Amino acid sequence: MESIIKHLMEITGHRDHDLLNISVISALSELTHASRARVLDILHVGDNVFVKAQITIDHGKLASNEEHLVHLIPEVPIEQFPQLASGLQQHENVIEHVADNGDRTVWLPIWMNEKVHVCLEIFNPASFTDNTKEVMSGILVVYRNFQNLLDYSERDSLTGLLNRKTFDDNFSKILRTSVQKQLSEEVGQPAIERRRDDKEKQHWLAVLDIDHFKRVNDTFGHLYGDEVLILVANLMRSSFRPSDKLFRFGGEEFVILLRSTTKEDAHMIFERFRENVARYPFPQVGTVTISIGFAHIDPFEPAVGIIGRADQALYYAKSNGRNRICHYEDLVESGLLHIEHSQDSVEFF
């Protein structure tokens, strides 16, 4: 009981999803004497659903949850978990499967607003006593409530995207894990190979703005303006990967953190999103376009400089026709922009 109280104290003391997940899955692993316990992300991409292991407790010990390694774990279609998929379709709170060899798996979906984004998996637990079930139920209620509180504080109330105040933490994580990844790859690797690898895949920051959004509000009213923001946010969610981070900074300003891809692929992904918005029939308003500026994330450069570069590229896009994508480094290389030293603050256009 003392250890359970300790776990509950840890759960209620966290203001971070990752730390909250570690505390909860550690508590369940200890309580059920499971050989393995995992936090699974349930990712909804259009009409498809994928499963991705986020945190693993193996025989009581936390497996590596370094973000640059977790990012390499692939998402797999939920069809590879047929019992889990069936249980979710039937809206079950506890899903259990016993394999032919006797291995037992229990899944505990965390239902929020009729959807599951997180599922707890317990492998080969001891038999559940009535007391164990009661304690587990209490832990899950606390966990669900704190997930709700974190989501409420981290999400933009209109669009459901991440809000401005969560950006700094997410950006810091990308910088930190980029450094870890780069240092781990550099061990024993020739300098020429390091340069080649760095050119292949990087993280990217994009700043985007809805073109002539003030005109939408002035012409059609703020209700239609809000609907445009909501629909653009929905198009963002369907255009980017689950591992990419999407933010609304306020007004018509959005920011995207795009993970681990080449410059060519990053441009293609942003271009696909731009086209999706331009083709979408916005009710009453008709056609809406966006402008995007993006820059690569250098893990050894201050955040304000990276944001500033993407912001300059956005400003160039909006000053030269709008409805286009501009990459900062390409603009500098072609002489269309001059390198500016980062300032203490950055204004988003």
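The values are calculated or read from the model by the stated rules, or taken from the named source; none is laboratory data. Keep in mind that what you see is a predicted model, and the values were worked out from it rather than measured. So basically every Cβ, Gly included, is an ideal-geometry build from the backbone, and we count neighbours across all protein chains shown.
Structure summary
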item	result
Residue match in the range 142-151 (condition: assigned to a strand (DSSP E or B) and more than 19 Å from H44 (Cβ to Cβ))	no
Some residue of the range 190-201 being within 24 Å of H267 (Cβ to Cβ), at pLDDT below 65, assigned by TED's automatic domain parsing to the domain that holds T262 and in contact with a strand residue (DSSP E or B) (Cβ under 9 Å, 6 or more places away or on another chain)	no
Qualifying position, being at pLDDT 90 or above, crowded, with 18+ Cβ neighbours inside 10 Å and among the hydrophobic types (A, V, I, L, M, F, W, C), among W111, W107	W107
E252, sole failed condition from (1) at pLDDT below 95; (2) over 24 Å from the mean Cα position of the chain (by Cα)	(2)
Options S127, S153, S172; residue that is out of contact with any helix residue (DSSP H, G or I) (no Cβ under 9 Å at 6 or more places or on another chain), surrounded by fewer than 16 Cβ atoms within 10 Å (Cβ to Cβ) and modelled with pLDDT under 90	S127
Selection status of N148, modelled with pLDDT under 90 and either in the same structural domain as I306 (by TED's automatic domain parsing) or closer than 26 Å to K263 by Cα (or both)	no
Enumeration of residues in the range 223-256 that are within 18 Å of K165 (Cα to Cα) and out of contact with any helix residue (DSSP H, G or I) (no Cβ under 6 Å at 6 or more places or on another chain)	A233, D244, R248, G250, G251, E253, F254, V255, I256
Some residue of the range 97-111 being without any contact (Cβ under 8 Å) to a residue 40 or more places away in the chain, among the basic types (K, R) and in contact with a Phe, Trp or Tyr (Cβ under 9 Å, 6 or more places away or on another chain)	yes
